[in-house]
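Everything below concerns the one structure shown next.
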Amino acid sequence: MRPLVLSLNPALDIEWRTDGIRWEEKNAIQSEVRWAGGKGVNVARWLRLLGSKPQLVLPLGGENGRELAASLRQERLPARVIRLREPTRANVVITDPSGRQMRFNRAGPRLHAREWRKIQEVVRENISHAGLLILSGSLPRGVPVIAYARFIRQAHRLGVRTLLDCDGEAFAAAVWEHPFLVKPNEHELAQWRRCPLRTETEVVAAARALSEATRGWVLVSRGAKSGLLIHAGERVCLRAIPPRLKPLNRLGAGDALLAGAARQIECGFPPEEWLRQGLAAGSVATQCKAGVACKPAVVTQFDKEVRVAVLPCTVQAEGRDYSRPSR
């Protein structure tokens, strides 16, 4: 019953490192790194690192798609590939000597009706054997905005828990199908709430409102600030501060956080462990080179440094079996 990870809009990620960024002048690229990317691919990579055996499903096309598939094979990351007529996108990250980054993401290919039907067919074939369904990343062109909502509805019928990480209209549509857990960052949470979130109190209030809408768990990633895990219905509100580190790379840290939490859910551990290992994995990701996962022992080491606390005016649920779906 391994996790099924759906990555509908993967990308060949490319990082250029420069000696500085100068506007309207030539900028020399000192080094280039290329790897299989996209949120769902990153989640699957970290899940495998943490001891899980994820099944990745993704559409690929063109030269970029072939290079991405070859990269997955080199990593020995199992993937079911649906071939596309249009090429897979390539995203570019420019990193200066201080570690600041500029990111350029393309919209991705347009899926044709037959290709979209094939993806749905593959998900139907695999979802009944999955312990979790992880829906991560943006939707490619040609896919209906309610795509994730439909997959969540399908998973509910089979008793499979869904973890959702996306934004915009796809996120807003999927919320009302009640995914088991959603993982917005502060910007995505503010986007859903339709108002700025200036303080932690406002972030907590927005996360509670989102939990009321999903009837499930809300995991808020906040970078170097404290992470939050909230379930309004069960009156659980957990807060944890990640280790203080100077980030070497910020790309994919949120995906590592989701993978850490998903692995603990898969193993049947309680919510405080979801948050603890999620923050540990996310912190470790900032210390790795882009597109490279570390050794599991490093995550365990960081895990010991994360302290989880119950926020005031909340009651933590006692005696619940978190190995089973919450409805």
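Does at least one position in region 13-23 carry a residue that is in a loop (DSSP other than H, G, I, E, B) and surrounded by 24 or more Cβ atoms within 10 Å (Cβ to Cβ)? There is no residue in region 13-23 that is in a loop (DSSP other than H, G, I, E, B) and surrounded by 24 or more Cβ atoms within 10 Å (Cβ to Cβ).
Filtered by the rule that a residue be surrounded by fewer than 18 Cβ atoms within 10 Å (Cβ to Cβ), at pLDDT 95 or above and touching a Pro at 6+ places or on another chain (Cβ under 7 Å), region 83-107 gives a lone residue, Pro87.
Checking each residue in region 108-122 for being touching a Gly at 6+ places or on another chain (Cβ under 7 Å) and buried (at least 16 other Cβ atoms within 10 Å of the Cβ) picks out Pro109, Leu111, Trp116. Only one entry in Leu275, Leu238 is closer than 24 Å to Thr162 by Cβ, modelled with pLDDT of 85 or more and not in a helix (DSSP H, G or I), namely Leu238. Scanning region 123-157 for residues that are open to solvent by 50 Å² or more (accessible area, probe 1.4 Å) and over 25 Å from Gly260 (Cβ atoms) returns Arg124, Glu125, Ser128, Arg141, Val145, Ile146, Arg150, Arg153, Arg157.
Keeping to region 24-49, report how many residues are under 25 Å from Ile134 (Cβ atoms) and either part of a helix (DSSP H, G or I) or open to solvent by 70 Å² or more (accessible area, probe 1.4 Å) (or both).
First, the residues of region 24-49 that are under 25 Å from Ile134 (Cβ atoms): 34-49.
Imposing the further condition that a residue be either part of a helix (DSSP H, G or I) or open to solvent by 70 Å² or more (accessible area, probe 1.4 Å) (or both) reduces the set to 34, 39-49.
Residues meeting the conditions: 12.
The values are calculated or read from the model by the stated rules, or taken from the named source; none is laboratory data. This one's a predicted model, so the numbers in the text were calculated from it and none came from an experiment. So basically every Cβ, Gly included, is an ideal-geometry build from the backbone, and we count neighbours across all protein chains shown. When the accessible area is computed, the model is the full protein with side chains, heavy atoms only, and any ligands, DNA or RNA have been set aside. Shrake-Rupley method; radii C 1.70, N 1.55, O 1.52, S 1.80 Å.
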